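Visitor: To start, I am sharing the structure in question, which I have written as structure tokens.
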Amino acid sequence: MSTSVEQRTGAGRRGPGSGEVAAFRNVSKQFGAVKAVNDISLVLHPGETVAFLGRNGAGKSTSIDMLLGLRDPSAGSVTLFGGTPRQAILDGRVGVMLQSGGLMPDVKVRELVGFACGVHPRGYQVDAVLATAGITELADRMVDKLSGGQEQRVRFAIATAGDSDLIVLDEPTTGMDVKARQAFWSVMRAQADAGRTVLFATHYLEEADSIADRVLVMHNGRLIADGTAAEIKARAGQRKISFDLHPQDGADLSLLKLLPAVSSLDVSGHTVRIGSEDADATVAAIYRAGFYPRGLEVAGVGLEQAFFAITGEQDAADESAALGNALDKGNAR
Amino acid sequence: MTTLIKLEILRVLRNRRYLVFTLILPTVLYLVMVNAYGKVDSLGGVSIKAYFMVAMATLGTVSASMTTNANRIALERKSGWARQLRLTALPGYGYVAAKIASTAASTLPSILVIFVLAYSEGVRLSASEWLLLGLTLWIGGFVFAALGVALGYSAAPDSIQPIIMIVYTVMLILGGTYGQFGGSFGAFAKWTPMALYNQLGRVAQTGASLDGGTMAAVLGYAVAFISLAAFLYQRDRRES
């Protein structure tokens, strides 16, 4: 299945601003002394495919619980389609695949998916749902006899049993092998292309990179990034420059240390690898210094590195803020 | 909703545990008890065979409505199925309602099996007495279904199993399933839920009139168990 740039960026669908699927307005959630979610505001628009990133304990699951009305926020408001989450669910506007969503035992796959179709106000035919989820051949198996990856597909079938406008997936590909994951996402893309809004939490960053047209990053209960994967990668700033230097070209390696905007430098044999904050300036300086770089490549960092970069920045900022507070207190005394 | 009830009934009937505790156990116990008490003429004012017919029918309904329900709810809270159901368009009461409805369907066979067994052992009642007794036992089972729901939500899923077994065993012993207690302990034991349920069955069986105290106690337990189930269920929904 090919994915055009247009589909990936969502430009072909109704663009942002043409409605509101879900909205968090200054939402916080406190568990005792712990602030699991700290003042989040965001709006999901129709047709967006949104990846929700964050380490364990970042506040993703708590946010998803509040989005679905499973937990109430301590402060702020969460709305789905302009109303309460519960109402949206009763109206069949949301299909959900929970990470922890157990399945009813002692029934066959077809019976369980049939129930999900039946309970949805605009449910599809059970055979169509099974076929879409790619589990037609599992229809007569008992639910308790499935492998982890098969269970995930049954959960997906339950989430897509009816004509919902928003599909929420919490770690949907956990327990699937690479092939199953690819198959899963091609099915999921079809859902997004049908105009549905898709929100998925994942810890596979390459999935977010290749599928989402918007990425949300949570860290220590706060939303620290919200943009396209490209924007988030750009925010991390880093680009990688690599090239070979041949001895016959007569290069003076010590000049490499004087290049501008370099954050890391690694020379092994003839190969030079540079991490740069400003790749344009660095590359121009390489030529100006008289180097003859062979096989020059400039590449952006992956979303994964960007993710670690921005969460790391946030940690450093939090630490210095905490230190500042401690010093202030010390001075006040 | 009806689909969920159908599925729940299907699951109960497919379950081996149900078969053992609600059909086989009461049947075997009935035969054991009738033989063990072979020398005694009557217990609780009725013949041995009639006494244990009621005792084993109540054992079956209580097993089906209480332990099966409580275990299921505990397991489904743990696995996350209960949570997943809350994300469907099923109304909020749907889950518990389906559990109780499937209980009602699954207790009927256990009552009928014991009736057939007792009949073959020579217990004779008039048609209206059979019907009244059957209905009394069936409806009484709902009170225990409520207790089962309450137990299923009583604690963290992992620690519910022993709670169920203790409540169940103590109730059966005090309730006269294995024979009656005498003296002051017997006077106390006859006010326990299972004993009242059995008493209700014997009253229906003999056509005697029901005294006000028994009636009040039965209604009291019904209200208490239903309120407790509703309270614990709401508490669980708020927490998770």
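The values are calculated or read from the model by the stated rules, or taken from the named source; none is laboratory data. In this text, all values refer to a predicted model and were calculated from it rather than measured experimentally. No Cβ is skipped: glycine too gets one built from the backbone with ideal geometry, and neighbour counts run over all protein chains shown.
Visitor: Can you name every residue in the stretch A:56-71 that is touching a helix residue (DSSP H, G or I) at 6+ places or on another chain (Cβ under 7 Å) and either acidic (D, E) or touching a residue at least 60 places away in the same chain (Cβ under 8 Å) (or both)?
Guide: Hits for the stretch A:56-71 are A:L67, A:L68.
Visitor: Mind checking which residues of the stretch B:108-159 are polar (S, T, N, Q), in contact (Cβ under 8 Å) with a residue 12 or more places away in the chain and closer than 26 Å to B:S79 by Cα? Even if it seems obvious, please write down each step before you answer.
Guide: Going through the stretch B:108-159, the residues polar (S, T, N, Q) turn out to be B:110, B:120, B:126, B:128, B:136, B:154, B:159.
Narrowing the set further to residues that are in contact (Cβ under 8 Å) with a residue 12 or more places away in the chain leaves B:110, B:136, B:154.
Across the stretch B:108-159, the qualifying residue is only B:S154.
Visitor: On to the next question. When you scan the stretch A:157-169, do you find a residue that is within 13 Å of chain B (Cβ to nearest Cβ), buried (at least 22 other Cβ atoms within 10 Å of the Cβ), touching a strand residue (DSSP E or B) at 6+ places or on another chain (Cβ under 8 Å) and in a helix (DSSP H, G or I), even just one?
Guide: Within the stretch A:157-169, one or more residues are within 13 Å of chain B (Cβ to nearest Cβ), buried (at least 22 other Cβ atoms within 10 Å of the Cβ), touching a strand residue (DSSP E or B) at 6+ places or on another chain (Cβ under 8 Å) and in a helix (DSSP H, G or I).
Visitor: Can you tell me which residue within the stretch B:89-119, out of those that are surrounded by fewer than 17 Cβ atoms within 10 Å (Cβ to Cβ) and within 12 Å of chain A (Cβ to nearest Cβ), is modelled with the highest pLDDT?
Guide: Going through the qualifying residues, I end up with B:P91.
Visitor: Go through the stretch B:217-230 and give me each residue that's under 19 Å from B:I160 (Cβ atoms) and out of contact with any helix residue (DSSP H, G or I) (no Cβ under 8 Å at 6 or more places or on another chain).
Guide: B:A230
Visitor: Here is a follow-up. A:T282: surrounded by 11 or more Cβ atoms within 10 Å (Cβ to Cβ), in contact with a Ser or Thr (Cβ under 8 Å, 6 or more places away or on another chain), among the β-branched types (V, I, T) and over 30 Å from A:H219 (Cβ atoms), yes or no?
Guide: On the way: surrounded by 11 or more Cβ atoms within 10 Å (Cβ to Cβ): yes; in contact with a Ser or Thr (Cβ under 8 Å, 6 or more places away or on another chain): yes; among the β-branched types (V, I, T): yes; over 30 Å from A:H219 (Cβ atoms): no.
No; evaluated as a whole, the condition is false for this residue.
Visitor: Restricting to the stretch A:172-187, what's the tally of residues that are in contact (Cβ under 8 Å) with a residue 24 or more places away in the chain and outside any loop (DSSP other than H, G, I, E, B)?
Guide: Qualifying residue count for the region: 7.
Visitor: In addition: Within the stretch B:1-46, how many residues are free of Cβ contacts under 8 Å to residues at least 60 places away in the same chain, in a helix (DSSP H, G or I), closer than 17 Å to B:S63 by Cβ and within 14 Å of another protein chain (Cβ to nearest Cβ)?
Guide: Result for the stretch B:1-46: 4.
Visitor: Test B:R86 against the criterion of being touching a Lys or Arg at 6+ places or on another chain (Cβ under 8 Å), in contact (Cβ under 8 Å) with a residue 60 or more places away in the chain, within 11 Å of another protein chain (Cβ to nearest Cβ) and over 23 Å from B:A104 (Cβ atoms), and give yes or no.
Guide: Against the criterion (touching a Lys or Arg at 6+ places or on another chain (Cβ under 8 Å), in contact (Cβ under 8 Å) with a residue 60 or more places away in the chain, within 11 Å of another protein chain (Cβ to nearest Cβ) and over 23 Å from B:A104 (Cβ atoms)), B:R86 qualifies.
Visitor: For the stretch A:127-156, give me each residue that is part of a helix (DSSP H, G or I), out of contact with any strand residue (DSSP E or B) (no Cβ under 9 Å at 6 or more places or on another chain) and polar (S, T, N, Q).
Guide: Selection gives A:T132, A:T136, A:Q150.
Visitor: Let me ask something additional. Within the stretch B:151-195, which residues are buried (at least 19 other Cβ atoms within 10 Å of the Cβ) and either hydroxyl-bearing (S, T, Y) or more than 20 Å from B:N69 (Cβ to Cβ) (or both)?
Guide: B:Y153, B:S154, B:Y168, B:L174, B:G176, B:T177, B:K190, B:T192, B:A195
Visitor: If you don't mind, there's one more thing I want to ask. Looking at (1) assigned to a helix (DSSP H, G or I); (2) in contact with a Gly (Cβ under 9 Å, 6 or more places away or on another chain), which is the one condition that is false for B:L87?
Guide: If we test B:L87 against (1) assigned to a helix (DSSP H, G or I); (2) in contact with a Gly (Cβ under 9 Å, 6 or more places away or on another chain), just (1) comes out false.
Visitor: Now a separate question. Mind checking which helices (runs of 4 or more DSSP H) fall wholly inside the stretch A:11-126 and carry at least 1 residues that are at the interface with chain B (Cβ under 8 Å from one of its Cβ atoms)?
Guide: Values: elements: A:60-67, A:85-90, A:109-119.
It comes to A:85-90, A:109-119.
Visitor: Against the definition (out of contact with any Gly (no Cβ under 6 Å at 6 or more places or on another chain), part of a helix (DSSP H, G or I) and more than 17 Å from B:V149 (Cα to Cα)), how does B:L75 come out, yes or no?
Guide: On the way: out of contact with any Gly (no Cβ under 6 Å at 6 or more places or on another chain): yes; part of a helix (DSSP H, G or I): yes; more than 17 Å from B:V149 (Cα to Cα): no.
The answer is no for B:L75.
Visitor: Let me ask you something else. State whether one or more residues within the stretch A:228-251 are of a type in the set (G, A, S), touching an Asp or Glu at 6+ places or on another chain (Cβ under 9 Å) and over 17 Å from A:T311 (Cβ atoms).
Guide: Residues of the stretch A:228-251 of a type in the set (G, A, S): A:229-230, A:234, A:236-237, A:242, A:250-251.
Next, from what is left, pick out any that are touching an Asp or Glu at 6+ places or on another chain (Cβ under 9 Å): A:229, A:236-237, A:242.
If we keep only those that are over 17 Å from A:T311 (Cβ atoms) too, we end up with A:242.
Yes, the stretch A:228-251 has at least one match.
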